[in-house]
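Okay, structure first, notes after.
The values are calculated or read from the model by the stated rules, or taken from the named source; none is laboratory data. All figures in this text were calculated on a predicted structure; none of them were measured in a lab. In this analysis, Cβ positions are derived from the backbone assuming ideal geometry, glycine residues included, and neighbour counts consider all displayed protein chains. Areas reflect the complete protein model, heavy atoms only, side chains present, ligands, DNA and RNA absent. Shrake-Rupley method; radii C 1.70, N 1.55, O 1.52, S 1.80 Å.
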Amino acid sequence: MSDVELDPVIHAQARLRVVATLAALAPGDRIAFTRLQELLEMTPGNLSTHVRKLEDAEYVAVTKTHKGRTPVTYLALTTTGRLAFERYRRSLAELLGGTS
């Protein structure tokens, strides 16, 4: 049995999808909540719940602003989140017997 541990914050399927999608963005880039919701085909409530868990872990930064008079929420992977995702990927590869 391996001593590899997968980050439980990221390991939940919905949160893994969120983090993987945000990790595909260049560092410093962000995506609108509604666009991420469309890409992942998640309900606003479900996505909000998972984003809140990632935000509490300081893996995701949430910025609320306005575009004209319309409120917009942007999401970005933090440096901490990017490092946690890289650790997760390496751990998963090790667990599966591959290389990182």
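Side notes on the structure shown:
- Note on the range 64-95: among residues that are of a type in the set (Val, Ile, Thr) and open to solvent by less than 60 Å² (accessible area, probe 1.4 Å), the one that is nearest to the chain's Cα centre (by Cα) is Thr78.
- In the range 1-16, the residues that are in contact with a helix residue (DSSP H, G or I) (Cβ under 8 Å, 6 or more places away or on another chain), part of a helix (DSSP H, G or I) and open to solvent by 80 Å² or more (accessible area, probe 1.4 Å): His11
- Number of the exception - Ala32 against (1) touching a residue at least 24 places away in the same chain (Cβ under 8 Å); (2) out of contact with any Ser or Thr (no Cβ under 9 Å at 6 or more places or on another chain): (2)
- If only residues of the range 46-63 that are crowded, with 16+ Cβ neighbours inside 10 Å and among the hydrophobic types (A, V, I, L, M, F, W, C) are counted, the one that is nearest to Ala24 (Cα to Cα) is Val60.
- Among the residues making up the range 1-21, a single one is in contact with an Asp or Glu (Cβ under 9 Å, 6 or more places away or on another chain) and under 16 Å from Ala61 (Cβ atoms): Val9.
- Pairs linking a residue in the range 66-78 that is closer than 14 Å to Thr21 by Cβ and without any contact (Cβ under 8 Å) to a residue 24 or more places away in the chain to a residue that is open to solvent by less than 70 Å² (accessible area, probe 1.4 Å) and of a type in the set (Gly, Ala, Ser), with Cβ atoms under 6 Å and 6 or more positions apart or on different chains, do not occur.
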